[in-house]
Amino acid sequence: MSATKAKLRSGDAGGSFASETAEGGDGLRVLTLRPRRSLALSFGLPIGIVLISLGGVLAWQQQQLHPGIRTAFIWTAVIVAAAIVYVVFRFRRTEITVSPYGIVERGFFGITHSVPVRDIDSVVRVDLYRGASDETVNQVFVVGHDGRCLVRMRGTFWHATDMDEVATVLDVPEHVRSEPVSKAELHATDSKLLYWFERPFIG
């Protein structure tokens, strides 16, 4: 049995693996994508600062504080710290695996969603405006034969170079919108790409 050939890319995206089963041949390409590492830091750092501040207040005024208030401070810090650990753990476990057979998405809460390639019609790339601002976010929509979005990737969470390879690995057509669009415009042309809770608020 030949050795497995693998390539590892790491960085802000949190790491992505592109591997082939056989060295010297095309093999079966499998791409494993993970969210940006910087997101966990951007969420966890402010909360950590708040916890340190609470701890400093508690240590400085522990003699003056009522025992009930001290207990409330301690339990609040413990609960928040546990929540941070849980969020970081779940975030690090989130991933999307892409292969010629389809996509397997493991979400934040550990729910696994599989989409076979036979159900995929194409991949749509869109720069979507953030609300009423001029800022845009690149998004990838893996679209089924009925026009519905099967898997959605946002540039806020996933690295652009990883999203570039999704259609190639799946070996399906990719349609790239040349101009940025708003949610209202996307709703008018491809309403099934949006989440159900996004549609009612679009005029």
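For (1) within 15 Å of Leu33 (Cα to Cα); (2) of a type in the set (Asp, Glu), each residue gets a yes or a no:
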position: Gly107; (1), (2): yes, no
position: Ser114; (1), (2): yes, no
position: Ser122; (1), (2): no, no
position: Asp162; (1), (2): yes, yes
position: Val166; (1), (2): yes, no
position: Pro173; (1), (2): no, no
position: Tyr195; (1), (2): no, no
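Of all residue pairs spaced 6 or more apart or on separate chains, those with beta-carbon atoms under 7 Å, a first member in region 133-154 that is under 15 Å from Leu170 (Cα atoms) and a second member that is surrounded by fewer than 18 Cβ atoms within 10 Å (Cβ to Cβ) and hydroxyl-bearing (Ser, Thr, Tyr) are Val143/Ser122.
Taken over region 71-124, the residue count meeting the criterion of being over 16 Å from the mean Cα position of the chain (by Cα) and closer than 21 Å to Gly155 by Cβ is 5.
Could you identify the single residue in Ile79, Ile49 that is β-branched (Val, Ile, Thr), exposed (fewer than 11 other Cβ atoms within 10 Å of the Cβ) and at pLDDT below 75? It would help to see each step written out before you state the result.
Working: Ile79 fails: at pLDDT below 75.
Exactly one of Ile79, Ile49 is β-branched (Val, Ile, Thr), exposed (fewer than 11 other Cβ atoms within 10 Å of the Cβ) and at pLDDT below 75, namely Ile49.
Please identify the pairs in which a residue from region 71-83 that is at negative phi has its Cβ atom under 9 Å from the Cβ atom of a residue that is not in a helix (DSSP H, G or I), counting only partners at least 6 apart or on another chain. If the second residue must be not in a helix (DSSP H, G or I), the pairs left are Phe73/Leu65.
Answer yes or no as to whether Val80 is over 30 Å from Ala184 (Cβ atoms) and either of a type in the set (Val, Ile, Thr) or in contact with a Gly (Cβ under 8 Å, 6 or more places away or on another chain) (or both). Spelling it out, Val80 is indeed over 30 Å from Ala184 (Cβ atoms) and either of a type in the set (Val, Ile, Thr) or in contact with a Gly (Cβ under 8 Å, 6 or more places away or on another chain) (or both).
The values are calculated or read from the model by the stated rules, or taken from the named source; none is laboratory data. Here the structure is a predicted model, which is why all the values come from computation and not from measurement. Heads up, the Cβs are rebuilt from the backbone with ideal geometry, glycines too, and the neighbour counts pull from every protein chain shown.
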